[in-house]
1. As a test of the formula, what do you get for the chain when each DSSP H run with n ≥ 4 contributes -39,500 (n - 2.57) and the sum is divided by the residue count, at 222 nm and rounded to the nearest 500 deg cm²/dmol?
2. Any idea what the relative contact order of the chain is, in percent, if you count C-alpha pairs under 8 Å spaced at least 6 apart?
3. Whose amide H sits under 5 Å from the amide H of Leu253, counting only residues 5 or more places off or on another chain, with H placed in the peptide plane?
4. Using DSSP to define loop residues, name the trypsin sites (Lys or Arg not before Pro) in the stretch 315-361 whose beta-carbon has at most 16 other beta-carbon atoms within 10 Å.
5. What is the angle, in °, between the Cα long axis of helix 24-38 and the longest principal axis of the Cα atoms in the chain? Nearest 10 is fine, range 0 to 90.
6. Straight distance only, please: which lysines reach the Cα of Lys494 with their own Cα at less than 20 Å, same-chain residues fewer than 8 apart left out?
7. Quick check: the distance between the Cα centres of the stretch 135-185 and the stretch 520-588, to the nearest angstrom?
8. Of Lys460/Lys508; Lys157/Lys207; Lys339/Lys508; Lys276/Lys301; Lys300/Lys339, which sit over 28 Å apart, Cα to Cα?
Amino acid sequence: MAGDATEKLKRVKAELRYVTLPDDSQLERIREFIRKKFDASEVRLKLTEDPSIGGGFILTARGLIYDWSNAGRTGQFEKLIENVLRETQYDEKDLLDILKAEVNDFELHAESNEVGRVDFVGDGIAELKGIDHAEYGEVVIFDDGTRGMVQNIEIDKVGCILFGREQDIREGMRAVRTHKRASIPVGDDFLGRVINALGEPIDGLGKIKAVSHRPIEFPAPGIVDRKSVGVPLETGILAIDSMFPIGRGQRELIIGDRQTGKTSIATDTIINQKGKNVKCVYVAIGQKASTVAKIVSTLKKVGAMEYTIVVSATASDPAPLQYIAPYSATAIAEQFMYKGDDVLIVYDDLSKHAVAYRAISLLLGRPPGREAYPGDVFYLHSRLLERSSRLSPELGGGSLTALPVIETQAGDVSDYIPTNVISITDGQIFLESDLFFEGQRPAVNVGLSVSRVGGAAQSKAMKKAVGSLRIDLAQYREMAVFTQFSSDLDPATKAMLSHGEALMELLKQPLEHPLSLAEQVISLVAANNKLLDDIGKKKVGEFQKGMLEYMEKIHGDIVRTIDQRQMLDEDLTEKIINCVKEFKDGKWKEK
């Protein structure tokens, strides 16, 4: 039995398509080539006349095609011109000279391509037979021009995800290996644009000039290549910057139920980067097209699109495009990071990304694990988020800060995907539904939220201004539970409750109104010195707004000192307290 199988492997069937029939000596040389190539003992050569190839011949054997035809030579030349046009960015007047130089160096050769046939196609995937040496992540091209990426490799077939319409792909259609990994065009001209997961513009503003291409899958920087996180990336949201600071190069998870303000925190953080030399990338995965349009409209309205790229793979896009969208967006962001720039990337959201990957994996026949997710779903997000880092000065000192978003069900952070991403990230901001419906917005749960970078990513001014904020809030929430049914309270308890209520009101912040460092520091100094406790719960927000306007207008030197020096000493603290008292006793009482 084993001998028969071995003998079968030694026999090779091949086809020679020609215009002019080769003579016997030429045919023998072709058979000898096949015998050496495949270690064959017997070659069965089928001869087919094909005038369409124009001249020469095409040899096909075991999925490999050797093309020495007029049509093949024309294809090689067209491919050369396409590569020059795609990979170089020159003016039109220089293009002719470049093409001449390339053509002079261009040598025709017999193309050797490994070609497979479509065995199955549907739901955004295709299974190919006849491609025996494909690599994971390699791009294949179908006869109709559609591109796919090898995602599954089995003994007798490979599974591909499709990057285009599957309607035009049929069983039996050819697919050719490209020996290239999936990549995306990158460059400064992408700033201010809305693109899809393949880097194609979808905002109707015309083509985008790319400077180069980057692979969508790229190794994360090694330990030696990284520097510890120590430079703040301010969100402009008081509740976050004061208690859960985010540093450049950090990965901070935003987690919570549906409609609790996760996207709002991400967009406010992008808005707050205006004028701070931070590029931003927002990638929408599985969102409604109307939701993405609203976010783009908001960013345009406040002038944030100038430094932002929006990558969109909406709910109507195939699962393969939703799967590669965050990797493509990260490749675009890495282009800036490796140039030495600071970049912020928002993944909204990775729950839908995991669902898209689960759909692809099940269609490819992979064994399902917990909740039907494949076994490598943890690696799916770890290899993505590990690409975020702060590079060492030797590599330019750029940084990529990630804000992944995860949606929970009924606040369950112990679910499969949430626990996976929590273990990968450097902390999480947990948004609670109950707080949201109580009107506490942003609805940040102080007890469950954490930043594992901590004070290292906080300015000295903020660190000093925060004081005992978290402890005071924890004591207030604990005391509020015990005293909600009690009417007779001692003065100390009343004072603690008043202080806690003032702090909770201070942490409320309207959308699209991020606060500067100075505004946050002044607000915290006023609150921690109990200057807001007697204002009245409903008037804290109004008082804060008037106080900051007064400080900017009358005491602008204090505001500028904090923003420039990012320090807070005793003298400056005393000045802030006196200015707030001055406002409180004067203009506030006049109201």
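1. Result for the chain: -12000 deg cm²/dmol, rounded to the nearest 500.
2. Relative contact order, the chain: 12 percent.
3. Asp426, Gly427, Gln428, Ile429
4. Listed in order of number, the matching sites are Lys339.
5. Once rounded, the angle reads 40 degrees.
6. Answer for Lys494, where 20 Å is the Cα cut-off: Lys530, Lys537, Lys538, Lys539, listed by chain and number.
7. 61 Å
8. Where the Cα-Cα span goes over 28 Å, the pairs concerned are Lys157/Lys207; Lys339/Lys508.
Read-outs throughout are calculated quantities, based only on the coordinates presented, and are distinct from any laboratory measurement. Since the structure is predicted, the reported quantities are computational estimates derived from the model, not experimental observations. Neighbour counts are summed over all protein chains in view; Cβ atoms, including those assigned to glycine, are modelled from backbone coordinates with ideal geometry.
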